[in-house]
Amino acid sequence: MKKFNVSIFAILLFSLTSFNTPKLTLEDERFEWSVPVCISDSGYTPFSGPIFSVINSNNIIFAYTQSPFLPPDYKNINVYVRELRNGRLSDTINLTNSVYNSYWPVIKTDRKGITHLIWGISLTTPSAFSLIHPTDVYYSFYNNGVWSAPENIFHKDPIANSNAYSNGKLELDSRNRLHLLWVINDPITGLRFYHKIEENCLWGEIKEIPFRTADYDFIFDKNDRLHLAYFRPEYSGGYDENSVYYRFSDDYGESWSDSVLVHKSGSQRGIKVQILSDQKNNIHIIWTKHLTGNKTGGDAIYHSYSSDGATWTEPKNAVPQSVDGFLYFSAAMDKNNKIHLVYDLWSGLFLIPVKLCYTCWGGTSWSVPEDIVDSAEWPSIELDSLGYLHLEYADAMKGSKYYTKTTMPLIVKVDEKKNNIPQEYELNQNYPNPFNPTTTINYQLPENSFVTIKVYDMLGKEVATLVNENKSAGYHRVNFNAGKLTSGVYVYTITANNFVQSKKMLLMK
């Protein structure tokens, strides 16, 4: 075969793969999503949204609940975990494997690389109490490839129509301690808000937070101030789930500031809220609400922020108002104070999930939303330390859960901006390495150059041409997809004017 034909074939073979995804613009580069990986394909997974924790760019832990749908334990709902490492998905592990029912797991990896998992369990038989009312909170952690035996960290005697655990959330403080907040629904006292702190995989005493909340979110800033955003319920005449409030604590939840009204919604019902902190310690709150008070979905996603927690900007639409509905969203803040937002768009007429969409906030306004994938719902996103955006979502028709990530980092460092020209040529080591099947190659040019980057196998045969064009002075990156190559060592070489440099990379399938 002639080399010309091989080059043309390679260019086609290693072009980026997308699945109706937006090509996210960042400086002069374009970004896409990797091919989705199916995490759970056994049908609907009740009492669990897509949740995962990123240990690093190439190592992700997933957790979900699922009923076996088989006798004799078809009524049971167990907690399952899987690990994706270097492109390889582990077998499924059933952590509970019991006659009980599990609910709403939450997961977080600390700075030592230990992954912590919390979930609710109903220790009553299905015939005695409702299946949707857990009585206990359980905990397990993952370290050195092993999950610990689940342990009970909270128990509440079962009462009809009570709920000992819902809406649990986990965050880390600067001392690498894990904080768990969750809500109890008591038929007598109403919604009660609880807090526990973990250190070295041991949990402290439970503390009741002295105010009420419906949906909420919290985060620690770099000074260890705990920021809380929530919809505040009122007990005289029903619930006021419409208005967004803010509080903070400077002593890890021992005491709290007075509440601050961020936005009074009136009849517009609040549905979901998320709070973020940027590098300047500004606090951002994002929430959905429904203009007509409908409880099944929102038709607006709003954003407000504050530098001191006392004065908040006028809320602005993060997404243009639509006749369709927004039910779930997930947001992440990067190191350049840019907010990335993924949400599901539902048919306003039939309440059917239509697609996932992406938008971002760069400091002044939100970008035009772009489609990611059709017939999907319940997105969950997380940014890793290198700037890759990870996404898990549910297939709206089958209930299966899928995972993907951006094929390149979304964070541009200060020294990578266009007005900052490097002093010399350089070809960087690809990342991740080893990889399967995509990796990113960064390179820099001190002057405008005609650049070629080619990939060879260990026999010296060219297998791909990644770059073959004029490039301006500055910092550049290119993505390499080796989906149809066999495992092994490959060499990539850059030629730019009189500069030539080669490096090795390892493909592991």
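The values are calculated or read from the model by the stated rules, or taken from the named source; none is laboratory data. Note that this is a predicted model, so its numbers are computed, not measured. Cβ atoms come from the backbone with ideal geometry, glycine included; neighbour counts cover every protein chain shown.
A count restricted to segment 468-509 and to residues that are within 24 Å of Glu32 (Cα to Cα), loosely packed, with under 13 Cβ neighbours inside 10 Å and of a type outside the set (S, T, N, Q) stands at 2. Considering only residues that are surrounded by 14 or more Cβ atoms within 10 Å (Cβ to Cβ) and in a loop (DSSP other than H, G, I, E, B), which ones fall in segment 87-96? Within segment 87-96, Gly87, Thr92, Leu95, Thr96 qualify. Look through segment 418-467, keep the residues that are of a type in the set (Lys, Arg) and within 21 Å of Gly483 (Cα to Cα), and return whichever of them is surrounded by the most Cβ atoms within 10 Å (Cβ to Cβ). Going through the qualifying residues, I end up with Lys454.
Residue-level check: of (1) of a type in the set (A, V, I, L, M, F, W, C); (2) at pLDDT 90 or above; (3) within 17 Å of Ser34 (Cβ to Cβ), Cys357 misses just (3).
A residue that is touching a Gly at 6+ places or on another chain (Cβ under 9 Å), at pLDDT 90 or above and closer than 26 Å to Arg232 by Cα can be found somewhere in segment 135-158. Of the residues making up segment 360-379, those that are surrounded by fewer than 20 Cβ atoms within 10 Å (Cβ to Cβ) and either part of a strand (DSSP E or B) or hydrophobic (A, V, I, L, M, F, W, C) (or both) are Trp366, Val368, Glu370, Asp371, Asp374. Condition first: farther than 25 Å from Arg477 by Cα, under 18 Å from the mean Cα position of the chain (by Cα) and polar (S, T, N, Q). Can you find one or more residues in segment 373-391 that meet it? Yes, segment 373-391 contains a residue that is farther than 25 Å from Arg477 by Cα, under 18 Å from the mean Cα position of the chain (by Cα) and polar (S, T, N, Q).
For segment 413-432, how many residues meet the condition of being of a type in the set (A, V, I, L, M, F, W, C) and at pLDDT below 85? Looking only at that region, the number is 2.
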